[in-house]
Amino acid sequence: MGQYDDKDVLILAIETSCDETAASVVKNGRKVLSNVIYTQIALHTRFGGVVPEIASRKHIEKINQVIREALDQAGVTLADITAVAVTCGPGLVGALLVGVSEAKAISFAAGIPLVGVHHISGHISANYIQYEELEPPFVCLVASGGHSHLVVVRDYGQYEIIGRTRDDAAGEAFDKVARAIGLGYPGGPKIDKIAREGNPDAIPFPRARVAENEYDFSFSGLKSAVLNYLNSCQMKGENYSQADVAASFQKAVIDVLVEHSLHAVKQYGYDKFAIAGGVASNSSLRENFERECAEQNIAFYSPSPLLCTDNAAMIGAAGYYEYIRGVRSGYDLNAVPNLKLGGN
């Protein structure tokens, strides 16, 4: 094996918060020895979104196989593993329970510590895998199907949420608009692709601002504006361009995400900014942040698209920093579908 020694911390990580069954072995929080993901997208596409009951059953079916594969790819056995880390929330409760139950069983059987990990902490920690030089503090935008959070990362595992969505998450808005214009599920990648053919200035969709908190987001008004535009076209018997609607909608979302995020970086006096979560794999979002950060002399960090979507390597990275801080979970660890981050 020879790729680690007794001082190395090897984390076996498990992620089952939604519709990916994932397992990974991560060395010292930064080096990924394996990252196995079984995705259920094809299963849920016919329903236009994730069906929780189907997701849970598929996790049960696949989890042992995925963990075995992760250990095999890493060239290790359970005897080599220092601790097992698992996503305990937020997410779909039935899906989370599969991973948490599996992690408890492994912890008990192998006699190794159990570490519960917050899913959003995992997304943020994906940046540590991509960039070995990155250390806190920095500001991170977490944008996914379930979350739109602007987070100040004070230290490893220490977070302050300074902005959040008041209604739809960014990824949720992408899915709903994609469905409305006939693109189907999953909406994010499909809008990203077709938007390249459209004019982002074709339709003046609104950019919402929340009066009580300059860092908060709101996307439901934008979604409604898109639906109103489509209904108006239908009532007038006018055709509309899928690509123009997608591009104009996407630009409205990106403008708000970029403006709020970089305002926060400046206000908090940092010079480092990172993105995380499924929406962070959007090519236009990445290009806009790259350009704006370069202009404002802010170091920009973005995980590879594979590390933006749900995976276990990011849970292994987050789990490592929890483990070395002395965090241990008992066998009463439970799945918490609405688990809060950093006490917020």
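The values are calculated or read from the model by the stated rules, or taken from the named source; none is laboratory data. Fair warning: this is a prediction, and the values are worked out from it, not measured in the lab. Note that each Cβ is placed from the backbone with ideal geometry, even for glycine, and that neighbours are counted across all protein chains shown.
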Might you check whether a residue that is surrounded by 15 or more Cβ atoms within 10 Å (Cβ to Cβ) and closer than 18 Å to G145 by Cα occurs anywhere in the stretch 23-34?
no
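To keep it simple, each residue is scored yes or no on (1) farther than 17 Å from C18 by Cβ; (2) out of contact with any Lys or Arg (no Cβ under 8 Å at 6 or more places or on another chain).
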position	(1), (2)
S144	no, yes
V151	yes, yes
G157	yes, no
R164	yes, yes
D167	yes, yes
Only one of (1) under 25 Å from V9 (Cα atoms); (2) of a type outside the set (F, W, Y); (3) assigned to a loop (DSSP other than H, G, I, E, B); (4) at pLDDT 95 or above is not met by N297, so which one is it?
(1)
So for the stretch 302-319 (the condition being part of a helix (DSSP H, G or I) and charged (D, E, K, R)), does at least one residue qualify?
no
Which helices (runs of 4 or more DSSP H) sit wholly inside the stretch 148-261 and have at least 1 residues that are under 22 Å from H123 (Cα atoms) and touching a residue at least 40 places away in the same chain (Cβ under 8 Å)?
170-180, 187-195
Whichever residue in the stretch 197-251 is touching a Leu at 6+ places or on another chain (Cβ under 9 Å) and farther than 20 Å from S283 by Cβ and, among such residues, is surrounded by the most Cβ atoms within 10 Å (Cβ to Cβ)
F217
Out of (1) within 20 Å of I112 (Cβ to Cβ); (2) assigned to a loop (DSSP other than H, G, I, E, B); (3) within 17 Å of the chain's Cα centre (by Cα), what's the single condition that is false for L333?
(3)
